[in-house]
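K.L.:
Attaching a single structure in structure tokens format; questions to follow.
The values are calculated or read from the model by the stated rules, or taken from the named source; none is laboratory data. Predicted model only: the values in this text are computed from it and were never measured. All Cβ positions, glycine included, derive from the backbone under ideal geometry; neighbour counts span all protein chains shown. Side chains are part of the model used for accessible areas, which takes the heavy atoms of the whole protein and leaves out ligands, DNA and RNA. Shrake-Rupley method; radii C 1.70, N 1.55, O 1.52, S 1.80 Å.
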Amino acid sequence: MRIGIFTDTYPPFINGVSTSISMLEKALIEEGHEVFIVTVNPENMSYKYEDDERIIRIPGVPIGIYDYRLTGIYPLRAINKIKKWNLDIIHSHTEFGVGTFARIIAKQFDIPLVHTYHTMYEDYVYYITKGYFDKSSKKIVEYLTKFYCDKTAKELIVPSKKTYDLFKEKYKFDKEVHIVPTGMDTKRFAKEKFKKEEILKLKKELGIKKEEFVILYVGRLAQEKNVDLLLKGQVEILKKHKNVKFVIVGSGPDYEHYIKQANDLKIINNVVFTNAIPYDEIPTYYQLADVFVTASNTETQGLTLVEAMSGSIPVVCLKDESFKDILIDDVNGKYFTDQKTYVEAINYLIENPKIREKMCNQAGITSEMHSLKFFANSILGVYKEALGMNKKGLLEKIKDIFKGNKDE
């Protein structure tokens, strides 16, 4: 199958959507399919062609939200090249810019369009409105989301039940919605890949003592990630357990804010800020951890949870619908609901190393449910729906009706 992926975010840009697309591309190629990418040029206002013109990067302008760029909806110079790809299916991963272009191309060349909805936009409205017209802005977001997903895509994919419920219960979406969690190259994070000396060396570079218990966060440093709760929790944890380091891997608009907060809370000696780390190096950083944590409630799914579990690291996370398909309480990690229960969960794992060890083993087992092969086969099933390959013909339907009457 010849598959065109249209996305606003793609490596070297690093975020959850970019990771998801990288995993999908790899999974589909491993299953023998040809994958083509249409994305944004993150460097400048020019067209760029990569990998024997299998990847087209089109010009985009910065919009002031992280490093996102918005493209025109009909970049003429890309059209002839896309036409030569002779695509069987188009899979869009954004509602705007490149996503609108995907919609136009799908209609122009009569190619079935599948769409994955990655982002709970209502949770990010404040970046634009700064708190003004919040309610009306969310209604606009709802309208645009429903319009794009309902009117244009033959099939809609969401990564979690939380997002499924958004469409079915809040948006009253009447078409089929497929839940397909993002797959992960779990082997990259497997504990046995890393030498003990390598981890000890990294700990030394970061000022972490061999005997210290390490709490790890990996992700963007922004308001919606709720890192404040984790830092305040660290204050309480240190009252009971002195040898605990909180390692924060990542950067973002609130990076300096969190460094200041750690200073103000007088815990800066027990918090390590690494800033942004190249994606290829991230698996090593997971191996620093005794436990992985997140307090975010704006995720559509927990990719960092899967990464941590792939490295046999138990997870402590905020109780949220996004994580229900990944974390089983007291099996491969623990849930918390507020700062108090967060501190209790961490203290429990520090004080019960044998239980934590069992959770490490279960975390590794859980991660296998998110393998690339399973991911590819699930997505290919949706593609077949869009192409009509899974739909029964009239004769088969008539046979089923007669069979049903006979059984009765």
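K.L.:
How do the pairs read when you match residues in the stretch 328-346 that are more than 15 Å from SER296 (Cβ to Cβ) with residues anywhere that are of a type in the set (Gly, Ala, Ser) and open to solvent by less than 10 Å² (accessible area, probe 1.4 Å), using Cβ under 6 Å and keeping only pairs 6 or more apart or on different chains?
P.N.:
Pairs found: ASN332/ALA363; LYS334/ALA345; VAL343/GLY233.
K.L.:
In this structure, is ILE89 within 23 Å of the chain's Cα centre (by Cα), modelled with pLDDT of 90 or more and at negative phi?
P.N.:
Here the answer is yes, as ILE89 does meet what is asked.
K.L.:
Is it the case that the stretch 202-215 has a residue that's in contact (Cβ under 8 Å) with a residue 24 or more places away in the chain and closer than 30 Å to ILE29 by Cβ?
P.N.:
No, the conditions are met nowhere in the stretch 202-215.
K.L.:
Also, quick follow-up: Which residues, counting only those in the stretch 299-344, are in a loop (DSSP other than H, G, I, E, B) and open to solvent by 20 Å² or more (accessible area, probe 1.4 Å)?
P.N.:
GLU299, GLN301, SER312, LYS319, ASP320, LYS324, ASP325, ILE328, ASP330, VAL331, THR337, ASP338 - these are the residues of the stretch 299-344 that are in a loop (DSSP other than H, G, I, E, B) and open to solvent by 20 Å² or more (accessible area, probe 1.4 Å).
K.L.:
So the check is Cβ under 6 Å with 6+ separation or different chains; which pairs have a first residue in the stretch 24-49 that's modelled with pLDDT of 95 or more and a second one that's open to solvent by 40 Å² or more (accessible area, probe 1.4 Å) and of a type in the set (A, V, I, L, M)?
P.N.:
Listed by first residue and then by second, the contacts come to HIS33/MET1; VAL35/ILE29.
K.L.:
Ok, one more. Criterion first (of a type in the set (A, V, I, L, M, F, W, C), under 21 Å from GLY16 (Cα atoms) and touching a helix residue (DSSP H, G or I) at 6+ places or on another chain (Cβ under 6 Å)) does VAL244 satisfy it?
P.N.:
Criteria not met by VAL244.
K.L.:
Scan the stretch 345-368 and tell me whether some residue there is of a type outside the set (Gly, Ala, Ser) and assigned to a loop (DSSP other than H, G, I, E, B).
P.N.:
Checked the stretch 345-368: at least one residue is of a type outside the set (Gly, Ala, Ser) and assigned to a loop (DSSP other than H, G, I, E, B).
K.L.:
Just one of LYS172, LYS161, LYS187, LYS139 is at pLDDT below 95 and at positive phi; which is it?
P.N.:
Criteria check complete, one pass: LYS172.
K.L.:
Looking only at the stretch 50-60, which residues are exposed (fewer than 13 other Cβ atoms within 10 Å of the Cβ) and either under 23 Å from the mean Cα position of the chain (by Cα) or not in a loop (DSSP other than H, G, I, E, B) (or both)?
P.N.:
Answer for the stretch 50-60, where residues must be exposed (fewer than 13 other Cβ atoms within 10 Å of the Cβ) and either under 23 Å from the mean Cα position of the chain (by Cα) or not in a loop (DSSP other than H, G, I, E, B) (or both): just GLU50.
K.L.:
Across the stretch 242-261, which residue is farthest from THR304 (Cα to Cα) among those that are in a loop (DSSP other than H, G, I, E, B) and touching a strand residue (DSSP E or B) at 6+ places or on another chain (Cβ under 7 Å)?
P.N.:
ASN243
K.L.:
Can you tell me which residue in the stretch 269-307 is modelled with the lowest pLDDT, limited to those that are of a type in the set (Gly, Ala, Ser) and touching a helix residue (DSSP H, G or I) at 6+ places or on another chain (Cβ under 6 Å)?
P.N.:
GLY302
K.L.:
Just a yes or no: is a residue in the stretch 362-374 modelled with pLDDT of 95 or more and either out of contact with any helix residue (DSSP H, G or I) (no Cβ under 8 Å at 6 or more places or on another chain) or small (Gly, Ala, Ser) (or both)?
P.N.:
Looking through the stretch 362-374, at least one residue is modelled with pLDDT of 95 or more and either out of contact with any helix residue (DSSP H, G or I) (no Cβ under 8 Å at 6 or more places or on another chain) or small (Gly, Ala, Ser) (or both).
K.L.:
If I filter the stretch 348-393 down to residues being open to solvent by less than 20 Å² (accessible area, probe 1.4 Å) and under 12 Å from VAL291 (Cβ atoms), which single residue comes out as farthest from the chain's Cα centre (by Cα)?
P.N.:
Among those residues, the one meeting the criterion is LEU349.
K.L.:
Filter the stretch 151-186 down to residues that are touching a residue at least 12 places away in the same chain (Cβ under 8 Å), surrounded by 13 or more Cβ atoms within 10 Å (Cβ to Cβ) and of a type in the set (D, E, K, R), then give me how many there are.
P.N.:
Total meeting the criteria: 6.
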